[in-house]
1. Which members of the range 150-164 meet the condition of being open to solvent by 30 Å² or more (accessible area, probe 1.4 Å) and under 18 Å from the mean Cα position of the chain (by Cα)?
2. Failed condition for Arg41, given (1) within 19 Å of Ala142 (Cα to Cα); (2) in contact with a helix residue (DSSP H, G or I) (Cβ under 8 Å, 6 or more places away or on another chain), with all others met?
3. Please note which helices (runs of 4 or more DSSP H) are completely contained in the range 1-81 and include at least 3 residues that are within 25 Å of Ala144 (Cβ to Cβ), without any contact (Cβ under 8 Å) to a residue 24 or more places away in the chain and of a type in the set (Ser, Thr, Tyr).
4. Scan the range 51-78 for residues that are surrounded by 11 or more Cβ atoms within 10 Å (Cβ to Cβ) and within 18 Å of the chain's Cα centre (by Cα) and report the count.
5. Working only within the range 95-122, note down all residues that are assigned to a loop (DSSP other than H, G, I, E, B), at pLDDT below 90 and open to solvent by 50 Å² or more (accessible area, probe 1.4 Å).
6. Limited to the range 82-94, what total is found for residues that are of a type in the set (A, V, I, L, M) and not in a strand (DSSP E or B)?
7. Could you please tell me which pairs satisfy a Cβ distance under 6 Å, a separation of 6+ or placement on different chains, a first residue in the range 125-143 that is closer than 14 Å to Tyr83 by Cβ, and a second residue that is modelled with pLDDT of 95 or more and part of a helix (DSSP H, G or I)?
8. Of the conditions (1) modelled with pLDDT under 90; (2) more than 18 Å from Ile99 (Cβ to Cβ); (3) surrounded by 17 or more Cβ atoms within 10 Å (Cβ to Cβ), Gly20 fails just one. Which one is it?
Amino acid sequence: RPNVGPSKAKTIVYAGTLPGGIRSPKFFIDVLSFIPDESLRVLFVGDETNRTLIEACTKDGRIEMRGRVPHEEVSRLLSSADYLLTLGNRLANMTPSKIFEYMAFRKPIIATYPIDSEPSLPYLERYGDALMLDERGDPAMAAARLVGYLDADHEPISYDELKTRFWNNTPSAFCDLVETIGGEDGR
C-alpha cells in the first residue's frame, strides 16, 4: 500500500466585497459547518467588515479573512487556489465581472445564488466546471454536494474552448461590434 499521509489542503478563495443586502457569506459558512474536513481552507479577500464573516473566523480556524489587497496579490491568490468561490447577489441586473476573471483562471468554481434570476448563473452553466448551490436550500444537503464536488477530478477547460464559449464577452468581440457599427471608414 502506498504511503498515504495527511491529505493536501484544499484552498477555496473568494475575492470581492460583501455589500449588505446584496451578497452574504452566511449560507456558504453554514454549508462549511457541515463539513468536518480540517484540510479545507477558505480565504475571503477584499472585505474585513462583514460581521457574519468576522464571527465565522473566530469560530472556524479554516476560514481566513483579508481586507483589500493590491490586484496583483488577488491574482496570485486566485491563481494558487484549488477552487474559486462566488457568492450570488440579490440584484437580477448586476452581473459581477469577477466571474469572467474567475473563469480566466480555468479553476473549478463554487457558486451560491439567492434568487433564480441571479445573473451569473447562465455564464457559470456555460463555463461548465461550476457547482451551483441554492442559498434557499438545506445547508447540510448543499454540504454533501460540495464534498462530492471537492472530491471529483476537475480538468481545466482549454483557453481555446473558453474563448469559443465566451467569444461575445471578449475585448475582440467588442472591437468587432464597434467596427461593424462604425462602418469600414470608422465613422
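1. Scanning the range 150-164 gives Asp151, Ala152, Asp153, His154, Glu155, Pro156.
2. It fails just one condition, (2).
3. Per the criteria, no element qualifies.
4. The qualifying residues number 14.
5. Thr95, Ser97
6. Of the residues in the range 82-94, 3 are of a type in the set (A, V, I, L, M) and not in a strand (DSSP E or B).
7. Taking only residues 6 or more apart or on different chains, the pairs are Leu131/Tyr149; Leu133/Ala142.
8. Among (1) modelled with pLDDT under 90; (2) more than 18 Å from Ile99 (Cβ to Cβ); (3) surrounded by 17 or more Cβ atoms within 10 Å (Cβ to Cβ), Gly20 violates only (3).
The values are calculated or read from the model by the stated rules, or taken from the named source; none is laboratory data. Computed from a predicted structure; not experimentally measured. Quick reminder, even Gly has a Cβ in these numbers, built from the backbone with ideal geometry, and neighbours come from all protein chains shown. Areas reflect the complete protein model, heavy atoms only, side chains present, ligands, DNA and RNA absent. Shrake-Rupley method; radii C 1.70, N 1.55, O 1.52, S 1.80 Å.
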